[in-house]
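Just so it is clear, none of the values below were taken in a lab; they were calculated from the coordinates. This one's a predicted model, so the numbers in the text were calculated from it and none came from an experiment. As a convention, Cβ positions derive from the backbone with ideal geometry for all residues, glycine included, and neighbour counts pool all protein chains shown.
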Amino acid sequence: MPESEGLSVSALGVVHLPVLGSVAELTRALCDVPSVSGDERAIADAVERALSIHAPHLHLMRDGDAIVARTQLGRAQRVIIAGHLDTVPINANLPSRFEPDRPEPSLWGRGSVDMKGGCAVMLALAVQVVDPVFDVTWVWYDHEEVSSELNGLGRLARTHPELLAADFAVLGEPSNAVVEGGCNGTLRIELRATGQRAHSARAWMGINAIHALAPALHTLATFEPQTVEVDGLAYREGLSAVAISGGVAGNVIPDAAVLTVNYRFAPDKTVAQAEHYLRTLFGAAAPELELVVTDAAGGARPGLDAPLAQHFIAAVGGTPAPKYGWTDVARFAELGIPAVNYGPGDPSLAHTDDERVPVEQILACEQGLRAWLTGA
């Protein structure tokens, strides 16, 4: 494991995080603990160890590779501050490095945006803010970047719902250090075509399943995404082909082909309404194709009219914007908890090979959350 400045790794491989120093260095230390989805054990161990040593004021619980740390101060209101520890696969973008010569001095490396900057801010404040004005439940969880049934926050909601009881939630997803309200929903479908195999030298004797996808591809190529206003924020939708498969050999007319489509829909729609829309759209364009839903997650309305949301916006400043991607604020919405996204990093750089976060944004989020939690 690479060792960055401030990250200590013992001879036995035990990771010690610099939770009492610079939050930018703490971000770098977290980045340099690889944690691709399914391999979060080391980073979860490190977070749990840091809290055990430096945060005796918190009650700790671990579920798999999710860490929950709670104050028990008897405050009138409880808030959740949550973030995921996993990343998408590494692609020659670790170890991390500081890049001071950019227009905005930045930390480069996998996870710097999505979302170890947010997790570092959480960890520093969990240790340092011992007397917040709210009771706080801190949650670091696993398996966010993979299929929804594996999501660690979802698992906690199923197995320990009492730990997620709260009046308001903040998710440290990258938002350029401004509040992003709600999120789009996501629906993934497969459009399945069938045909009849034949030798490609006698193509007229077969039915080409790949060709049968052409009307659906034309529908996608000419689709104009809507922008939908929900509670004062404008959410842009998207409908995209994300995969296509078919064919068995270079001289065989294929008898099966599959087109995978992802629909990102505004939070004014339910999953059922989004599915109905796609069935109507593709049913008109290509009625011979079978449409199968393979993954779905509803969006979340902004919820910015909630009193705690208003209080939070006033404390951290800035003008709220919509969250275009799906995030776990939707899970909080399902639990009846108003929630917002607030974290360092440009969401458009998440998952890219040039993933990097401005140091100034890490510090701004730390200051904003600290001001909110302390009532400063």
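If you take every residue apart from V293 with its C-beta less than 10 Å away from the C-beta of V293, what net charge results, scoring Lys and Arg +1 and Asp and Glu -1?
Net of charged neighbours comes to -1.
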Highest-fluctuation residue, E366, E104, E40 considered, GNM on the chain with Cα pairs under 10 Å: E104
By the scheme Lys and Arg +1, Asp and Glu -1, what is the net charge of all other residues having a beta-carbon under 12 Å from that of D268? -1
Counting DSSP beta bridges with both ends in segment 76-220, the antiparallel % (nearest 5): 25 percent
Multiply the residue gap between A92 and A314 by 0.36 nm, knock off their C-alpha separation, and tell me the result in nm, one decimal place. 75.9 nm
Just to be sure I understand: with springs between alpha-carbon atoms less than 10 Å apart, which residue in D63, D86, D142 has the highest mean-square fluctuation in the Gaussian network model of the chain? D63
Bins of 10 Å from zero: percent of alpha-carbon pairs in segment 17-116: 14, 41, 31, 12, 2
How big is D for segment 161-232, in µm² s⁻¹ as a whole number, if Stokes-Einstein is applied with the Kirkwood radius of its Cα pairs at 20 °C and 1.002 mPa s? 119 µm²/s
Relative contact order [Cα under 8 Å, 6+ residues apart], the chain, whole percent: 22 percent
Provide, for q = 0.18, 0.21, 0.23 Å⁻¹, the log10 of I(q)/I(0) from a solvent-free Debye sum over equal Cα point scatterers in segment 185-297. -0.87, -1.08, -1.22
Nearest 10 degrees, 0 to 90: what angle lies between the long axis of helix 41-54 and the longest principal axis of the chain (Cα atoms)? 20 degrees
Taking Cα atoms, how many degrees apart are the long axis of helix 307-316 and the longest axis of the chain, rounded to 10 and kept between 0 and 90? 70 degrees
Volume of the Cα convex hull of segment 53-178, divided per residue and given in Å³: 138 Å³
Longest principal axis of the chain (C-alpha) makes with the long axis of helix 271-285 (C-alpha) an angle, in degrees to the nearest 10, of 30 degrees
Scoring segment 185-297 by relative contact order with C-alpha pairs under 8 Å, at least six apart, yields a percentage of 43 percent
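Below 12 angstrom from the Cβ of P105, what's the summed charge of the other residues (Lys, Arg +1; Asp, Glu -1)?
Residues near P105 contribute -1 overall.
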Per residue and in cubic angstrom, what volume does the convex hull of the Cα atoms of the chain have? 159 Å³
If you count the DSSP beta bridges with both ends in the chain, what percent of them are antiparallel, to the nearest 5? 75 percent
Among 246-252, 171-177, how do they line up from the highest to the lowest mean number of other beta-carbon atoms within 10 Å? 171-177, 246-252
Taking the alpha-carbon centre of each part, the distance from segment 203-245 to segment 309-376 in Å is 31 Å
Once normalised by the length of segment 17-143, the mean sequence separation of its alpha carbon contacts under 8 Å that are 6 or more apart gives a contact order in percent of 37 percent
Estimated [θ] at 222 nm from DSSP helical runs (n ≥ 4, -39500 (n - 2.57)) normalised by residues in the chain, nearest 500: -8000 deg cm²/dmol
Could you calculate the FRET efficiency of R49 with L150 from 1/(1 + (r/R0)^6), where r is the beta carbon distance between them and R0 is 22 Å, rounded to 0.05? 0.35
